[in-house]
Amino acid sequence: MGNCAIVGINWGDEGKGRMVDLLTESYDIVIRYQGGGNAGHTVINEYGKFALHLLPSGIFRKGVVNILGNGVALDPENLWKEIEEVTAKGVPITPENLKISDRASLLLPWHRELDGLEEARLADKKYGSTKQGIAPFYSDKYQKKTIMAGELLYPEHLTEHLADLLGWKNLTLAGVYGAEPVKVAELREWIDTYCEKIKPFICDTGAFLRKAQADGKDILFEAQLGALRDLDYGIYPYTTSSNSIASYAPVGSGLPSAKIDEVIGVVKAYSTCVGEGPFVCELYGSEADALREAGFEYGAKTGRPRRVGPIDIVATRYGVQVQAATNIALTKLDVLSFMDKIPVCTHYTVGGKETDEFPFPSVLDSAKPVIEYMDGWKCDISGIRKWEDLPVAAQRYVEFIEKEIGCHVGFISVGPERDSIIIR
Ligand code: GDP
């Protein structure tokens, strides 16, 4: 098996969670290496339906060790709530199957508050943040102004460090935004309520992983969001504040020496984008409503209706390239079954010229999609499990995408359940 990263090729919400849930059967360890609780990975299995925000999607598999790596935005409050929700449905979560890196930095209550304050200040120029504190968290991490989970294990050191941080952060909260300064007692209460709960899971995951690597364990790296939301390679500034691409996985996981043998890029059979920012192939009106309803495209975290469009070959090819994908999982093909003709965005025009290159972010607003139509199949494909049983029009659609993006489509998912999959 070796090491495998499961990553999003587009704007996120491609169905990564269901792919990790499916493939964890063959892996020993699943690691979340970046991002926080600002997106949701939907997983449907024998325990029920879950929208996982921070927990790795391997949490349902017996014998699999799940790790929150040093690259994640560790929000103890939401993580604890999530652990309670998931365990309430009968899934055991113990320090044996969940380990939190002592080097993961903590998302503190003021990060959420600052996110809301800044979005309010931006008003109609807002980024469309989910207000989970992710951007303020990563800014502080890189300024070295937050604390690492491991510090919770050293209380005296922690008290002093928190007091220093608080003095600094209140300058921004009160001085810049005119908000109430945070008091030491409030912060202490928060630490005692939530951080104490997650303490038993915190350990030196780097040492654990180095041993696992030496023992030849198979590791799955789980990304949050997609290539187009990557801080450096995405549609900046409408990106997230961390690197979602596969090449960051070794760094953010705690195993910088890891070699990734396979990168499974998850691509949705059409496009969706949640929040603000350029979205070249966006559909509007009744066409958009029909696709949104068919795919039930509402945010897992916020319930916001997602923007929808046809598959965008230009953006997808770029996503495949920056992810260095070696295999593609094409999800939600069943959703397109209602269409007579299936639109595909094959190129962009920029400044009157056709292009196949994904443009620089500032140019995206002026890019126009070139749409072609492919034959639909107009029948229910959700029960199909073999490639040869798919209608010819559906096969043509998959083959067209595969050829255009330059990567083999090895998985086709035709429903949200674990076994609704065609392996090719
Ligand atoms: P993630 O963040 O990339 O894991 O994606 P989300 O969980 O936000 O969104 C994927 C949504 O599509 C979830 O509601 C899944 O249950 C659902 N889903 C995944 N694969 C399929 C599929 O093949 N068909 C259908 N109809 N739904 C799917």
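Derivation of every value follows stated rules applied to the coordinates shown; laboratory data play no part. No experiment lies behind these values; they were computed from the predicted model shown. All Cβ positions, glycine included, derive from the backbone under ideal geometry; neighbour counts span all protein chains shown.
Sequence-ordered 3J(HN,Hα) estimates for the range 68-81 from the Karplus curve with 6.51, -1.76 and 1.60 and θ = phi - 60° stand at 9, x, 5, x, 7, 8, 8, 9, x, 5, 6, 5, 5, 4 Hz, glycine and proline given as x. Taking amide H atoms as placed 1.01 Å from N in the peptide plane, the amide H of Thr331 lies under 5 Å from those of Val267, Lys268, Ala269, Ser413, each 5 or more residues away in sequence or on another chain.
Once you sort the root eigenvalues of the Cα gyration tensor of the range 82-198 as a ≥ b ≥ c, which label holds: rounded (a/c under 1.5), prolate (a/b larger than b/c) or oblate (the other case)?
Details: a/c = 2.11, a/b = 1.35, b/c = 1.56.
Cα axes put the range 82-198 in the oblate bin.
Mean-square fluctuations from a GNM of the chain, with a 10 angstrom spring cutoff on Cα atoms, peak among Asp389, Asp75, Asp21 at Asp389. Taking 23 Å as the straight-line reach from the Cα of Lys125, the lysines in range (excluding those fewer than 8 positions away in the same chain) are Lys301, Lys368. In order along the range 233-239, the Karplus-derived 3J(HN,Hα) couplings, from 6.51 cos²θ - 1.76 cosθ + 1.60 at θ = phi - 60°, round to 10, x, 8, 3, x, 8, 9 Hz, and Gly and Pro are given as x.
Amide H to amide H, with H built 1.01 Å from N, Gly226 comes under 5 Å of Gly12, counting only residues 5 or more places away or on other chains. Near Ser242, the amide H atoms lying under 5 Å from its own belong to Leu231; only residues 5 or more places off or on other chains count, and H is placed 1.01 Å from N.
Counting Lys +1, Arg +1, Asp -1, Glu -1, what net charge surrounds Met19 among other residues with beta carbon under 15 Å of its beta carbon? All intermediate terms of the calculation are to be shown ahead of the outcome.
Working: positive: Lys16, Arg18, Arg32, Arg61, Lys268, Lys332, Arg418, Arg424; negative: Asp13, Glu14, Asp21, Glu25, Glu222, Glu262, Glu417, Asp419.
Summing Lys/Arg as +1 and Asp/Glu as -1 gives 0.
With all pairs of different C-alpha atoms in the average, the Kirkwood value for the hydrodynamic radius of the chain is 22.1 Å. Modelled label positions at Tyr47 and Glu354, each set 7 Å beyond Cα in the direction of Cβ, lie 5.0 nm from each other. Here the label points at Ala88 and Arg188, each 7 Å from Cα along the C-beta direction, are separated by 3.1 nm in the simple model. Hydrodynamic radius of the range 259-318 by the Kirkwood approach over all distinct alpha-carbon pairs: 12.7 Å.
Straight-line reach from Lys332: taking Cα to Cα under 18 Å and skipping same-chain neighbours fewer than 8 places apart, the lysines in range are Lys16, Lys49, Lys268, Lys341, Lys378, Lys386. For the chain, a Gaussian network of Cα nodes joined below 10 Å ranks Tyr194, Tyr154, Tyr298 by mean-square fluctuation, and the top entry is Tyr154. Using the Cβ-Cβ distance between Ala174 and Lys145 with R0 = 22 Å, the FRET efficiency computed as 1/(1 + (r/R0)^6) comes to roughly 0.85. Put in line by how crowded their Cβ is, counting other Cβ atoms within 10 Å and starting with the fewest, Glu297, Glu14, Glu196 read Glu196, Glu297, Glu14.
Per the Debye formula on identical point scatterers at the alpha carbon atoms of the range 150-198, with no solvent, log10 I(q)/I(0) at q = 0.19, 0.21 Å⁻¹ is -0.66, -0.76. Isolated cysteines of the chain, defined as having no other cysteine beta carbon under 4.7 Å away, are Cys4, Cys195, Cys203, Cys273, Cys379, Cys407.
What the phi angles of the range 269-278 give under the Karplus curve with 6.51, -1.76 and 1.60, with θ = phi - 60°, is a coupling list of 5, 9, 9, 9, 8, 10, x, 8, x, x Hz, glycine and proline written as x.
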